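Inspection log for the structure reproduced underneath, given as C-alpha cells.
Just so it is clear, none of the values below were taken in a lab; they were calculated from the coordinates. All figures in this text were calculated on a predicted structure; none of them were measured in a lab. Don't worry about glycine lacking a Cβ; one is built from the backbone with ideal geometry, like all the others, and counts go over all protein chains shown.
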Amino acid sequence: MLNDFLDENLNKARKIIKKYNITLENWFEDLDKISKIDSSYNLNVLIEELLDKLGFIEVKDKIKIEYRQEGFSGFAAELSPNDIRIVVEPIESLDGLRTLFHELGHAILYSLNREEGLFRILLASIDEAMAVAFEYIAPVILFDSYNIEKIYELMILEYTRCAISALLEFDLWQDLNKAEELYVRHYNKLGLEVNDSGIWTYDSFRSIDPVYIHNYVVGAKLAEKLIDYLSQKYSKDYNAWGKWLYQNVYIDGSKTRLKDKIKFTS
C-alpha cells in the first residue's frame, strides 16, 4: 500500500517541491510559505460553519480549542465524553489550518462515539486514518477551488513523506547499521538533496513508528475514495455526508473494523 501511494503521488510531490523550492532541512518552514492565512480568516466562524454544514451541532458544545505556542503542532484528547480538548499552534498558514482540521477530525470521532467500555477506545487505525480523511473533507466543504488546490498540495507532500518515512523505518528494522545510507536512499526519491545524512537521527517523522505512520497513509488513500463516494451519492448535501459518516464510521467506535466501516472502497 505504501509503494502504491508513492506510485500515485511521488511525481506530484516532486513537482510541488520544485515549484516552491522546498528543502529537506527547512521542510516545515517552507510548507508554511506555500500559503499564509490573512486576517480575514475567523477560525471560530470557520469551524462553526463546518460543523453546522455536517449537522454535527452537538460537537460544538463538547470541544474546546486553545491556540498555544507550545513547540508542537497539535494535539486532541478526550477528558470525558463531554469534554474534548484541542491544542494547536496559532494558525498562520494553510498548513496550520490543515493541522487544525486533523485534530478536529480526532475530536469529532471522540464526540460522536456512542460505545462504552473497550469499544469506546479507538484503534489507531480508525483514529488516525479518519483524522487524516477529515483533513481532506473539510476543505471540500469550506474552500474555493484555489485554496483546495493549495491545501491538497500540502497534503500530497505530507503523506508522500509519511509513506517514505514508514518504508525507511521498515528497512531500518532489517538493518540497523545502515541508517544513514537508507535515509539518503529513501529521501532521494523526493528529488531533494540530503546534505547531512545524520539528519535521520532528529527527523521528526521518526517520532512516529512505521506501523502508526502507516495509518496516516491509509487515511490519505481512504479520503479520495470517501469524498468521491459521498459526492456521487449526495452531491453537495453536506448534512447527508455527516449523517453517513455518523452512522457508518463514528457511532460504534472500535466495535466495527475500519475496513468493514468502509466496505464501499473495496
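Can you pull the one-decimal nm distance between simple spin-label points at Asn195 and Tyr20, each 7 Å off the Cα toward Cβ?
1.9
Within the set of other residues whose C-beta is less than 12 Å from the C-beta of Thr23, count the net charge using Lys and Arg as +1 and Asp and Glu as -1.
-3
Gap in Å between the Cα centre of segment 223-245 and the Cα centre of segment 150-191?
Each part's Cα centre sits 32 Å from the other's.
Kindly express, to the nearest 10 degrees and within the range 0 to 90, the angle between helix 43-54's C-alpha long axis and the longest C-alpha principal axis of the chain.
60
Which pairs in the list Lys221/Lys243; Lys33/Lys60; Lys36/Lys243; Lys150/Lys263; Lys15/Lys36; Lys189/Lys221 are over 26 Å apart, alpha-carbon to alpha-carbon? Don't skip to the answer; put the middle values down first.
Details: Lys221/Lys243 22 Å; Lys33/Lys60 31 Å; Lys36/Lys243 33 Å; Lys150/Lys263 30 Å; Lys15/Lys36 20 Å; Lys189/Lys221 20 Å.
Lys33/Lys60; Lys36/Lys243; Lys150/Lys263, as the Cα separations exceed 26 Å there.
Quick one: helix 2-20 against the long Cα principal axis of the chain, what's the angle to the nearest 10°, folded into 0 to 90?
Approximately 80 degrees, to the nearest ten.
Would you work out which of Ile91, Gly117, Ala163 lies farthest towards the positive end of the dipole of segment 69-175? Charges go on Cβ: Lys and Arg +1, Asp and Glu -1.
The residue sitting farthest along the positive end of the dipole is Gly117.
What's the angle, to the nearest 10 degrees (0 to 90), between helix 124-142's Cα axis and the longest principal axis of the chain?
80
Among residues other than Ala129 whose Cβ falls under 13 Å from its Cβ, what is the net charge (Lys/Arg +1, Asp/Glu -1)?
Net of charged neighbours comes to +1.
Taking the radius of gyration and the Kirkwood hydrodynamic radius from Cα positions alone, what is the Rg/Rh ratio for the chain, to two decimal places?
Values: Rg = 18.5 Å, Rh = 19.3 Å.
With Rh from the inverse mean 1/r over Cα pairs, Rg/Rh is 0.96.
What is the spread of the Cα atoms of segment 27-170 along each of their three principal axes, largest first, in whole Å?
43, 42, 29
By average Cβ neighbour count within 10 Å, what is the ranking of 170-182, 132-144, 56-68 from highest down?
Per-residue mean Cβ counts within 10 Å order the peptides as 132-144, 56-68, 170-182.
Placing +1 at every Lys and Arg Cβ and -1 at every Asp and Glu Cβ, with all other atoms neutral, what dipole size does the chain have around its Cα centre, in debye to the nearest 20?
Value, rounded to 20: 820 debye.
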